[in-house]
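Visitor: Got a structure for you, written out below as structure tokens; questions coming shortly.
None of the figures in this text is laboratory data; all of them are computed from the coordinates on show. Source: prediction; values computed, not measured. FYI the Cβ positions are ideal-geometry reconstructions off the backbone, even for glycines, and counts take in every protein chain you see.
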Amino acid sequence: MEAWFIVIVSLCVCVLIRAIFSLFHNKTITTPPGPPNIPVITSFLWLRKTFSELEPILRNLHTKYGPIVTLPIGSHRVIFIADRTLAHQALIQNGSLFSDRPKALAIGKILSCNQHNINSASYGPTWRTLRRNLASEMLHPSRAKSFSEIRKWVLHTLLTRLKSDSQSNDSIKIIDHFQYAMFCLLVFMCFGERLDDGKVRDIERVLRQLLLGMNRFNILNFWNPVMRVLFRNRWEELMRFRKEKDDVFVPLIRARKQKRAKDDVVVSYVDTLLDLELPEEKRKLSEMEMVTLCSEFMNAGTDTTSTALQWIMANLVKYPHVQEKVVDEIRSVLGERVREENEVKEEDLQKLPYLKAVILEGLRRHPPGHFVLPHAVTEDVVFNDYLVPKNGTVNFMVAEMGWDPKVWEDPMAFKPERFMNEEGFDITGSKEIKMMPFGAGRRICPGYNLALLHLEYFAANLVWNFEWKVPEGGNVDLSEKQEFTVVMKNALLVHISPRI
Ligand code: HEM
């Protein structure tokens, strides 16, 4: 036989085998299932939906397609995981693969100084440096303890404001008080001083207007050069909001830089940022990067905590027997101090298991974020027999996991007792995920201990100082609404009267 004939036949056989193999290969390893997709049209339709609009749709899709589904949103494949064991497999067992963040879109790039903040940074040395700085310099228990005097001051201010509001109003809206209190606390931790009321309000305003406007600004992310012309007013509004934020933050950072040289009493977040060096770029942070990191610190620690506190207090008002049980527990721990003491001290919190159970139940039943922040994989990954592509996004459905009837009996009921049998419930989910209000794995919220401390300390003192009731003719409506976090659709209105 001619040699050329053997070569051609061999080549054809190779190509055929390869084609059969790749056909087989492509068939088995595809992205997770999802609804039918009409190119361009469906991805644009999905793009217009907010996460809260997607949530009920995803619930139906999970029933139909299983615990992991894909939606083509914009130009990306977005994967949603609703199952706690798959979440554990991804975030804990394969943490090094699932801890990246998606590339920022136009608005994200501007607001995060090109992903130079902790929550949006890619999984790499910059993220590690920024996160380690926050965790060890600000959130380490010994540093967190150094702010206990300021927590006491904020508590005192909050109680005084509530008292005065309750004297002139039969029914008070508490969320504004909680937000202001959390801002006072985080502003102090950030800048190292007690700012006057006007300054705290300014910070609150410039941060919240950006946060609450995010859904509206989202459209500017796509075909940005075109969209910023088509939606010129919206683009100008975004630029104005950003400038207002810089105008408020930059003078505070500069003032701290000056002051620090003179007196070094408290270590604030800005102090740690002034000292920090980025390892890859071998440089200090720019002023704009510090503004981004300070905004992140306050956004992450205020809205989430005040939202959770409102949900917890709403349940304590709705279920007076739970409130009484917390008060009884505090009374028994304070013992002799009961008559003269109007403060539950931070040291007392360790002796209040029922209070801890109330906080955990609040976070399970009403997690402030129904999804963790979007994750991405560092390379194409085969996960649970599906392909998770590198340029895709992976989302974890936090609320679904906390409401899983296979784990939680009667999951929509508020029953703190379910945590009383658990010997030290592990909220990090390192061995097993039963709920994940703070996420899990390498990107878990670094502030979860501080958040729990704030929730326990404020909730304990609020019920110890006041009796919380539904106002005449009112009710507690637990319907939800998506803002930056998932908040009460109808803000909690309460009647409070001094207990002591
Ligand atoms: C009740 C209060 C809080 C809740 C429910 C909460 C929840 C979360 C969640 C779900 C994530 C995303 C995790 C992921 O993507 O897998 C997160 C990330 C983050 N949180 Fe929190 N958080 C709270 C309070 C705080 C506080 C007090 C701080 C700090 C002052 C903080 C700082 C951060 C930061 C910096 C990240 C980004 C972490 C990273 O990407 O590596 N959070 N938080």
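Visitor: Fully extended, how many nm does the chain gain between L274 and R254 (0.36 nm per residue separation, minus their Cα-Cα distance)?
Guide: 6.2 nm
Visitor: Arrange the following residues from fewest to most other Cβ atoms within 10 Å of their Cβ: C445, C294.
Guide: Lowest count first: C445, C294.
Visitor: To the nearest 20 Debye, how big is the dipole of the range 25-498 about its Cα centre, given +1 on the beta carbon of each Lys and Arg and -1 on that of each Asp and Glu?
Guide: For the range 25-498, the charge dipole is close to 1420 debye.
Visitor: Quote the relative contact order of the chain in percent (integer), defining contacts as alpha-carbon pairs under 8 Å separated by 6+ residues.
Guide: Answer for the chain is 22 percent.
Visitor: If you don't mind, there's one more thing I want to ask. Between K284 and L45, how high is the FRET efficiency from 1/(1 + (r/R0)^6) when r is the Cβ-Cβ distance and R₀ = 51 Å? Nearest 0.05.
Guide: 0.65
Visitor: What ranking of M436, M420, M182 emerges when the number of other C-beta atoms within 10 Å of each C-beta is taken as an exposure proxy, fewest first?
Guide: With the fewest neighbours first, M436, M420, M182 line up as M420, M182, M436.
Visitor: To continue, here is another question. With θ set to phi - 60°, apply the Karplus curve 6.51 cos²θ - 1.76 cosθ + 1.60 along the range 160-169 and write out the HN-Hα couplings as whole Hz, x wherever there is a Gly or Pro.
Guide: So the Karplus estimates, Gly and Pro as x, are 4, 5, 5, 4, 5, 4, 6, 6, 9, 10 Hz.
Visitor: Residue by residue through the range 185-200, what is 3J(HN,Hα) from phi via Karplus (6.51 cos²θ - 1.76 cosθ + 1.60, θ = phi - 60°)? Round to whole Hz and write x for glycine and proline.
Guide: Taking θ as phi minus 60°, the curve returns 5, 6, 5, 5, 4, 7, 10, x, 8, 7, 8, 6, 3, x, 5, 4 Hz for the range 185-200.
Visitor: Continuing with this model, one more query. With the dipole of the chain worked out from charges on the C-beta (+1 for Lys and Arg, -1 for Asp and Glu) around the Cα centre, which of A440, H375, Y319 lies farthest toward the positive end?
Guide: H375
Visitor: Which length gain, in nm to one decimal place, applies between N475 and I29 when the Cα-Cα distance is subtracted from 0.36 nm times their residue separation?
Guide: This chain segment gains 155.4 nm when fully extended.
Visitor: Once R0 is set to 30 Å, what does the formula 1/(1 + (r/R0)^6) return for the Cβ-Cβ distance between I38 and D247, expressed as a FRET efficiency to the nearest 0.05?
Guide: According to the calculation, E is roughly 0.05.
Visitor: Among all the lysines, which ones have a C-alpha under 20 Å from K243's C-alpha, if same-chain residues fewer than 8 places away are not counted?
Guide: K109, K199
Visitor: Once the Cα gyration tensor of the chain is found, what semi-axes does its equivalent ellipsoid get, as square roots of 5 times the eigenvalues, in whole Å, sorted largest first?
Guide: Values for the chain, descending: 44, 28, 22 Å.
Visitor: Fewest first, what order do E193, E400 take by the number of other Cβ atoms within 10 Å?
Guide: Sorted ascending by nearby Cβ count, the order is E193, E400.
Visitor: In whole Hz, what ³J(HN,Hα) sequence does the range 266-277 give by Karplus (6.51, -1.76, 1.60; θ = phi - 60°), x for Gly and Pro?
Guide: 9, 9, 9, 4, 4, 4, 5, 6, 5, 8, 6, 10
Visitor: Express in nm, to one decimal, how much length is gained between R205 and M420 on full extension, taking 0.36 nm for each residue of separation and deducting their alpha carbon distance.
Guide: 73.4 nm
Visitor: To the nearest 0.05, how large is the calculated FRET efficiency for Q93 and E53 if R₀ is 22 Å and r is the Cβ-Cβ distance?
Guide: Between Q93 and E53 the formula returns 0.10.
Visitor: Considering the alpha-carbon set of the range 94-151 alone, what are its Rg and its Dmax in angstrom?
Guide: 14.5, 41
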